[in-house]
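Accompanying notes for the structure given below.
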C-alpha cells in the first residue's frame, strides 16, 4: 500500500508539512500538559517524596498505549518499524546523564517538556529552569572536547529487547507491556502504603 508511516521518512509529505504537523502536535501536547496540571513544578516534585505518583503512572500508561498502536499499525502494514529512528545505547553516559537529569527534576520540579509548556503559561520558575538547561547545554558544548571519549563509552550499538531475549518486534512489545504493567502496579501499591502511613 502507498500510505506507510512515518510519512516524512517515506517521502509522503514535504519537510514543510512535516514541520507544520510537528508544531501543531507540540501545541496540542503543551495544552494537555497545562490542562492536567503537569506544568506545575509541585506536581513533579511530589513524585520524589512519594506524595503523588501520578506522573510516573501516566508515563507508564503512555508507553503501553503508544507501543500498542505502533504494533497494531505495523500488523496492518500502515507503519514501517524499521524506518523509525532508534538511538545507540551508551551505558556510562546514560547512567551519568540519568543521574544529572533526575537531580535536575528533584531540584526544579520540571523536565524540559513541562518547563516549555510552563513558560508558555507564564510560570517564572519554568523560565529559570530553562535558562539553567540551556546554560548547561552550552557548558557541555564548550567542554565536549574534554569529555567526548566518555560520551561515546559503553557503546552497545542499537540495542532492543528482542536482541536481548530473542524473537521479533512482537517480543519487544510483550516484554514492554509486562515491564510497564509491573512498574505501574508497584507504584499503585507504593501510593497506597504512603497514603496509609500518613493517616
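The values are calculated or read from the model by the stated rules, or taken from the named source; none is laboratory data. None of the values given here were measured: they were computed from a predicted structure. Note that we place each Cβ from the backbone using ideal geometry, even for glycine, and neighbour counts take in every protein chain shown.
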Quick one: residue 154 ticks every box in (1) surrounded by 11 or more Cβ atoms within 10 Å (Cβ to Cβ); (2) out of contact with any strand residue (DSSP E or B) (no Cβ under 6 Å at 6 or more places or on another chain); (3) at positive phi except a single one, so which number is it?
(2)
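Confirm whether residue 135 is assigned to a helix (DSSP H, G or I) and either within 21 Å of the chain's Cα centre (by Cα) or in contact (Cβ under 8 Å) with a residue 24 or more places away in the chain (or both). Walk me through how you get there before you give the answer.
Values: assigned to a helix (DSSP H, G or I): yes; either within 21 Å of the chain's Cα centre (by Cα) or in contact (Cβ under 8 Å) with a residue 24 or more places away in the chain (or both): no.
So residue 135 does not fit the description; no.
Within segment 95-110, can you find the residues that are in contact (Cβ under 8 Å) with a residue 60 or more places away in the chain and either surrounded by 17 or more Cβ atoms within 10 Å (Cβ to Cβ) or out of contact with any helix residue (DSSP H, G or I) (no Cβ under 9 Å at 6 or more places or on another chain) (or both)? First the steps, then the outcome.
Taking segment 95-110 as the starting set, the residues that turn out to be in contact (Cβ under 8 Å) with a residue 60 or more places away in the chain are 105-106, 108-110.
Correct list: 105, 108, 109, 110.
Looking at 100, 127, 175, 119 in this structure, which one is modelled with pLDDT of 90 or more, more than 30 Å from residue 35 (Cα to Cα) and either in a helix (DSSP H, G or I) or out of contact with any strand residue (DSSP E or B) (no Cβ under 6 Å at 6 or more places or on another chain) (or both)?
Testing whether each residue is modelled with pLDDT of 90 or more, more than 30 Å from residue 35 (Cα to Cα) and either in a helix (DSSP H, G or I) or out of contact with any strand residue (DSSP E or B) (no Cβ under 6 Å at 6 or more places or on another chain) (or both) leaves just 175.
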Are any of the residues in segment 172-180 touching a helix residue (DSSP H, G or I) at 6+ places or on another chain (Cβ under 7 Å), within 25 Å of residue 51 (Cβ to Cβ) and in contact (Cβ under 8 Å) with a residue 24 or more places away in the chain?
yes
Conditions: (1) under 26 Å from residue 157 (Cα atoms); (2) touching a residue at least 24 places away in the same chain (Cβ under 8 Å); (3) surrounded by 15 or more Cβ atoms within 10 Å (Cβ to Cβ). Residue 8 meets all but one. Number of the miss?
(2)
